1. Any idea which of H128, A96, V23 is furthest toward the positive side of the dipole for segment 12-140, if Lys and Arg beta-carbons carry +1 and Asp and Glu beta-carbons -1?
2. Straight-line reach from K70: which aspartates and glutamates have a Cα under 13 Å away, not including same-chain ones fewer than 8 places off?
3. Could you state the angle between the C-alpha long axis of helix 8-24 and the longest principal axis of the C-alpha atoms of the chain, as a value from 0 to 90 degrees rounded to the nearest 10?
4. Please give the charge dipole size of segment 73-123, origin at the Cα centre, charges +1 on K and R Cβ atoms and -1 on D and E Cβ atoms. Round to the nearest 20 debye.
5. Hey, what number do you get for the chain at 222 nm if only DSSP H runs of n ≥ 4 count, each worth -39500 (n - 2.57), divided across all residues, to the nearest 500?
6. Name the residue from S7, T40, A66 whose Cα lies farthest towards the positive end of the charge dipole of segment 1-75, charges +1 on Cβ of Lys and Arg and -1 on Cβ of Asp and Glu.
7. Using the structure shown, select from K53/K116; K49/K77; K49/K119; K12/K97; K12/K49 the pairs with a Cα to Cα distance greater than 22 angstrom.
8. In units of 2.2 N^0.38 Å, what is the alpha-carbon radius of gyration of segment 82-140?
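Read the figures in this text as sums done on the coordinates, not as results from a lab. These numbers were taken from a predicted model, which means no experiment stands behind them. Using ideal geometry, Cβ is built from the backbone for each residue, glycine included, and neighbour counts are taken over all protein chains shown.
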Amino acid sequence: MAQSATSVSDNKILVQASFDRWVNGTGSPFELLADDAEWTIVGSSPLSKTYRKQQFLDEVIRPFNARMAKPLVPSVKGIYGDGDMVIILFDAAATAKDGVPYRNTYTWYFQMKGGKVIKATAFFDTRHFDELWARVPLTL
């Protein structure tokens, strides 16, 4: 893969710092998204498709967070870099507004350019995600 002006180690440091802020409740990796970034959810979920940044935040992230009584907290298992790609493997846990725990394991692939994510591909158990989406309405 071609390497951008930002080095592999710099990209990994940026991503690690964004996850550290997420754990501490002071930020998230979504801050790294370029204005024209694309985010793809892989799988068979009704939400599995490619989004532009704002569409992704509006249609997936905000409704997901609105279903939570306690925010999703990641536990990073590894951050790997190759060229302009940073791969993050992490578990995440939260409590939904109906009191039921939500847990999932994620792998995100971030294609970086100039310290920003220009393309993201997300793999996770969409069944758990879809069950949460169907079980917890936004009106709770």
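1. A96
2. In chain and number order, the partners are D98.
3. It is inclined by approximately 30 degrees.
4. Using Cβ point charges on Lys, Arg, Asp and Glu, segment 73-123 gives about 120 debye.
5. Values: 4 runs with 36 residues, N = 140.
Rounded to the nearest 500, it is -7500 deg cm²/dmol.
6. Checked the options; the winner is A66.
7. K49/K77; K12/K97; K12/K49
8. Working: Rg = 14.7 Å, N = 59, 2.2 N^0.38 = 10.4 Å.
Ratio of Rg to 2.2 N^0.38 Å for segment 82-140: 1.42.
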